[in-house]
Amino acid sequence: MTKFHVLMRISQIYDSKNVALNQFVQEFLDTINTLIKREGVLSLKIRRDDFFLNDQRLRYSVEGFTSFKYLLTQWKKRLIGEVIFKTLTEEEWLRYFIYTFINLEEGREENADLLVRQLTSHNITSIEVNPLEVVEGEEEAFTVQKEDEREVAKRIFFETVGTIKEVITNIKGKQHADVRKLKRLAQKAIHLVIEDESILLGMTMIKNYDEYTFNHSVNVSIYSLAIGKRLGFSKKTLTELGITALLHDIGKSKIPREVLNKPAALNDEEWEMMKRHPLMGVEVVLNLKQLGEINPRMVVGIFDHHLMPDLSGYPKLFRKKEVSLFGRIIQISDAYDAMTTPRIYKKIPYTPEQALAIMLREKIAHFDPLLLKIFIGLVGVYPIGSLVFLDTREIGIVYKTNPESTWLDRPIVLLVDRDEEGHPKKELVDLTETDGGGSYKRSIVKTLDPYKYHIDIAKYFL
Ligand SMILES: [Fe+2]
Ligand SMILES: [Fe+2]
């Protein structure tokens, strides 16, 4: 995908004879031919908003997201839905193919046919092209505007994950980290949270196992911002809270990988080291070049995020103090995200419902009760991302909580039933809907464990 993306971009800049192109053509060619040798054929196909490589759906990744997005847009604009390389490909064919492809007129329905005809006239018969399939019913479930917001949210989410990764890598390598970029992203996220928080909350379902630290930071930031919004914070305070949450575990960049990713329980020494991460976080932040972007409230927030109201957490204090508001907010977001994410030492995480139950049980000592109440109001009795079984015997995923507080148990649910081809229907239903007689059309009977049903919840939020 990346190679295809780069080649398409370069071809739009240089003409087909330019030597600057050679390297990229060659790299893409090598990739294609390696795959063809292994699999016999190479088909790249779009269905809805996904790419399929030889019928395998490709996962979004942080690194690949830009390429995905670019190819999806470029193909869709030209109404091309599939490209198949049927035999080992030659350099000249590939060059001709790319240029003919990018020169297709946008929105012309017969583009696929036209492209095939042009290829055939050049004696290239091993590359097949098919038009974009319009999947029916796609437009019904989501309005166009919502879809746009979702796209924006997705982009900001992945961009932020990428940026926090960059910041951490820079700090590890003792280079300067760019905090201003994080600030800009936090501001964009705030705009979205204010508009409709459910979209970004849905993004937190993307639990990326390998990228835990980065995803975790972004998720904690999303939850914290949503709490901050409910508390009526100003945009300036929200921005500070967003950055603090993004940087809350920055101290972990000083802890060796082996300790962070240890599959077994930590020994005393390792645990002591781990417990120093809030303090090390403060040190890192105070050493940032752009210290002007940081204020005391943010530094204290990072220091406080594992203290807990009864101060039973860490670091241990010499003198009693109140845990700061930023610290208390981040602590709730942090605990919830950590519990609901699979980790190397706990591969099957708690369901959102279980996590909330645990937090409620521990609330007096470990969480600010009032903030926890706000948080539950935010994620709902059935938190976004819960898999639920309905009295209609349908299975659905909680997609959005109902803004009306009397309806905390009647969220908007995305049905996950499949059509004949096995693709999810993606139908959104509102559980407050009643039939003619005034009784509810659908109600939640119980929650289900997605791991038992092999349902990849994140997929429904992308
Ligand atoms: Fe932490
Ligand atoms: Fe954390």
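So what's Rg/Rh here for the stretch 226-368, counting alpha carbon atoms and using the Kirkwood radius for Rh?
Working: Rg = 15.5 Å, Rh = 16.2 Å.
Using Cα coordinates only, the ratio equals 0.96.
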#### Entry: Exposure of D310 as accessible area (Å², to 10), given a probe of 1.4 Å and all protein chains
80
### Query
Tell me, what is the 1.4 Å probe accessible area of I344, in Å² to the nearest 10?
70
### Message
With a 1.4 Å probe and all protein chains kept in place, how much accessible area does W93 have, in Å² rounded to the nearest 10?
### Response
60
### Query
Along the stretch 152-159, what does the Karplus equation 6.51 cos²θ - 1.76 cosθ + 1.60 (θ = phi - 60°) give for ³J(HN,Hα), rounded to whole Hz, x for Gly and Pro?
4, 4, 4, 5, 4, 4, 5, 5
### Query
So what are the radius of gyration and Dmax for the Cα set of the stretch 139-294, in Å?
16.6, 57
### Size descriptor, Kirkwood hydrodynamic radius, that averages inverse alpha-carbon separations across the stretch 14-67, Å
13.2
#### Entry: Cα extents of the stretch 329-457 along the three principal axes, largest first (Å)
47, 36, 19
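Can you give me the relative contact order of the chain as a percent, contacts being Cα pairs under 8 Å and 6 or more apart? Can you show the working numbers first?
Values: 687 pairs, mean separation 45.3, N = 462.
This gives 10 percent for the chain.
Under a Cβ-Cβ cut-off of 13 Å, what is the net charge of the residues other than T432 that fall near it, where Lys and Arg count +1 and Asp and Glu count -1? Mind dumping the intermediate values first?
Numbers: positive: K400, R410, K441, R442; negative: E404, D409, D430, E433, D435.
Its environment carries a net charge of -1.
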### Task
May I ask for the Kirkwood hydrodynamic radius of the chain, worked out over all distinct Cα pairs and given in angstroms to one decimal?
24.5
### Query
Per-residue ellipticity at 222 nm for the chain, helices alone: DSSP H runs ≥ 4 residues times -39500 (n - 2.57), over residue total, nearest 500 deg cm²/dmol?
-15500 deg cm²/dmol
## Note on the structure
Which of K346/K452; K69/K154; K236/K320; K235/K373; K174/K252 exceed 18 Å between C-alpha atoms? The answer is K236/K320; K235/K373
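The values are calculated or read from the model by the stated rules, or taken from the named source; none is laboratory data. This is a predicted model, so every value here is computed, not measured. Because the Cβ atoms are built from the backbone with ideal geometry, glycine has one as well, and the counts that use them run over all protein chains shown. Surface accessibility is based on the protein's heavy atoms, side chains included, excluding ligands, DNA and RNA. Shrake-Rupley method; radii C 1.70, N 1.55, O 1.52, S 1.80 Å.
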